[in-house]
Amino acid sequence: VMDVEKMEGIRRGRRLLLIPLPLEGHINPMLELAHILHSKGFSISFIHIQYCTNSLNFTFSISSFPHGPLPLPQPSSDLLNFLTLLNTLALTPFRDCLAKLLSHDASSEDEEDQHPISCLISDAMCFFTQAVATSFGLPRIVLRTGAISSFLAFAAFPLLLQKRYLPIQECQLEKVVEELGPLRVKDLPVVNTNDPHKFYDLLRNFVHETVTSLGVIWNSFEALESSSLAKLTHQFPTPMYAIGPLHKYLQPSQMPHPHQSCISWLQQHAPKSVVYVSFGSIASISEADFLEIAWGLANCDHPFLWVVRPGMVRGCDWLEALPSGFLENLGGSGRGHIVKWAPQQQVLAHHCVGAFLTHNGWNSTMESICEGVPMICMPCFADQNVNARYVSHVWKVGLQLEKGVERGEIERSIRKVMEGKEIRERASILKEEARLCLQRGGSSYSSLQRLVTHIMSFNV
Ligand code: UDP
């Protein structure tokens with residue numbers, strides 16, 4: 001066994017370039033990965049794609065890119081166009097940026113900037129990076145921030161089209177997709193668009209440039225997705241590294257603590273009594289759905305902490321669609337608390353939280369699993385549909401709203417999850433598995449070691 005310090009000394013001479021997709025649910029796991037790999041002795045350079053908004057249009061630029069800002073649509077209103085345009089418009093600026101990084105750093109004052117770059121770690125959705133990395137002979141591995149199970153569904157799109165599961169037909173919604181285990185047609189990871197071919201093209205590129213990379217890092221763990229991981233490694237020769245849950249490598253004390261009002265509000269309630277409600281950073285909902293959720297929460301009698309992002313309710317600035325005095329009339333002292341943003345990981349880890357009404361973005365799903373918090377699943381689009389199905393029917397740590405967004409079903413589901421024993425027990429078991437896989441000898445611990453060895457094998 002090589003002396004650890006000696007190994008880290010060697011690695012410290014190597015630099016990794018990390019490029020996340022510039023969205024909350026992608027930047028956070030990439031930052032966590034940066035922290036993990038830094039703790040393994042690598043130097044890290046982060047390329048952050050910035051886009052800024054003004055009242056007329058949305059623009060973006062990549063820090064240190066020599067090009068001017070480029071127009072991109074708002075991701076929360078047009079994610080498909082955002083991703084398609086980003087992958088087209090970022091190519092040339094990225095090539096120029098990389099050329100600069102690979103050539104000039106000897107002049108940098110920062111010692112770590114002078115370390116040779118041994119590989120690029122790109123978000124899988126930034127598939128424009130593949131061609132550029134290849135042209136520079138730079139090894140490229142990717143971080144996929146979604147589940148392995150949903151990736152299998154994305155990879156199966158050509159087959160699903162051929163077998164006419166896609167495009168989705170109303171009369172087939174309940175039909176089970178035999179090739180994809182527990183998924184029904186209505187659980188397929190599609191988005192609402194009038195140009196489905198644009199979506200299929202995007203997915204084809206995304207899947208292709210992922211499986212032709214030199215390795216894929218997953219924010220998942222073996223005990224959670226063992227059969228999907230086995231299928232994936234059977235289908236593709238690419239080395240796979242399931243090293244999640246990424247956010248659990250960090251000590252809670254290393255995380256910032258903004259929005260403390262949420263925590264002090266939670267503190268006033270009984271253990272496991274609060275419903276936490278959040279739909280992530282992008283999803284938007286109609287005013288009608290917003291009101292159904294509001295009444296479902298009001299009628300369930302449990303205290304609730306609800307994140308409503310400004311602009312999340314379509315056509316509204318913030319809360320104006322709520323009946324006046326809604327929160328004041330709930331009864332009890334402060335039974336409902338609405339915020340614009342919450343420190344979600346801390347909220348889910350809080351002992352007073354008993355259930356999570358979620359859109360099942362993959363980060364939210366993992367964060368809930370890691371804290372043993374049962375879910376009420378309200379997926380909005382794409383992989384959220386797949387995640388919700390796995391939560392409710394494979395891992396059995398939640399219930400999915402099956403009849404659209406309806407106040408009666410929301411109320412009943414919350415009560416069922418809060419009072420049900422089985423779901424809570426399953427959630428505790430999964431929480432323990434998520435903890436164990438990171439311990440010495442655990443599956444994610446070992447995968448991370450393999451990943452470090454893999455990166456060390458690249459010639460610099
Ligand atoms: N998040 C948060 N506070 C909020 C809402 C979301 O910190 O009020 C974080 C959440 O913890 C998660 C990320 O934002 O890490 C959202 O990612 P996810 O994959 O769940 O959903 P997306 O935003 O990509 O749809």
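Structural remarks
- The criterion of at least 3 residues that are among the charged types (D, E, K, R) and within 30 Å of ASP317 (Cβ to Cβ) is met by the following helices (runs of 4 or more DSSP H) wholly inside region 336-421: 407-419.
- Given (1) within 9 Å of the ligand (Cβ to nearest atom); (2) at pLDDT 95 or above; (3) among the hydrophobic types (A, V, I, L, M, F, W, C), index of the condition VAL353 fails: (1)
- Total residues in region 128-153 satisfying the condition of being out of contact with any strand residue (DSSP E or B) (no Cβ under 8 Å at 6 or more places or on another chain) and within 15 Å of LEU98 (Cβ to Cβ): the figure is 6.
- Sole residue being surrounded by 20 or more Cβ atoms within 10 Å (Cβ to Cβ) and within 12 Å of the ligand (Cβ to nearest atom), chosen from ASN385, ASN363: ASN363
Conditions (1) at positive phi; (2) among the charged types (D, E, K, R); (3) touching a residue at least 40 places away in the same chain (Cβ under 8 Å); (4) not in a loop (DSSP other than H, G, I, E, B), marked per residue:
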{"residue": "THR210", "(1), (2), (3), (4)": "no, no, yes, yes"}
{"residue": "SER213", "(1), (2), (3), (4)": "no, no, yes, no"}
{"residue": "ILE217", "(1), (2), (3), (4)": "no, no, yes, yes"}
{"residue": "GLU225", "(1), (2), (3), (4)": "no, yes, yes, yes"}
{"residue": "SER228", "(1), (2), (3), (4)": "no, no, yes, yes"}
{"residue": "LYS231", "(1), (2), (3), (4)": "no, yes, yes, yes"}
{"residue": "HIS234", "(1), (2), (3), (4)": "no, no, no, yes"}
{"residue": "TYR241", "(1), (2), (3), (4)": "no, no, yes, yes"}
{"residue": "LYS248", "(1), (2), (3), (4)": "no, yes, yes, yes"}
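- Those residues of region 16-31 which are modelled with pLDDT under 95, assigned to a helix (DSSP H, G or I) and under 12 Å from the mean Cα position of the chain (by Cα), in sequence order: GLU24, ILE27, ASN28
- All of (1) under 20 Å from MET378 (Cβ atoms); (2) away from the ligand (no atom under 12 Å from the Cβ) hold for ASN329 with one exception: (1).
- Residue match in region 284-294 (condition: part of a loop (DSSP other than H, G, I, E, B), modelled with pLDDT of 95 or more and more than 16 Å from the ligand (Cβ to nearest atom)): yes
The values are calculated or read from the model by the stated rules, or taken from the named source; none is laboratory data. Values in this document were obtained by computation on a predicted structure and should not be read as measured data. So basically every Cβ, Gly included, is an ideal-geometry build from the backbone, and we count neighbours across all protein chains shown.
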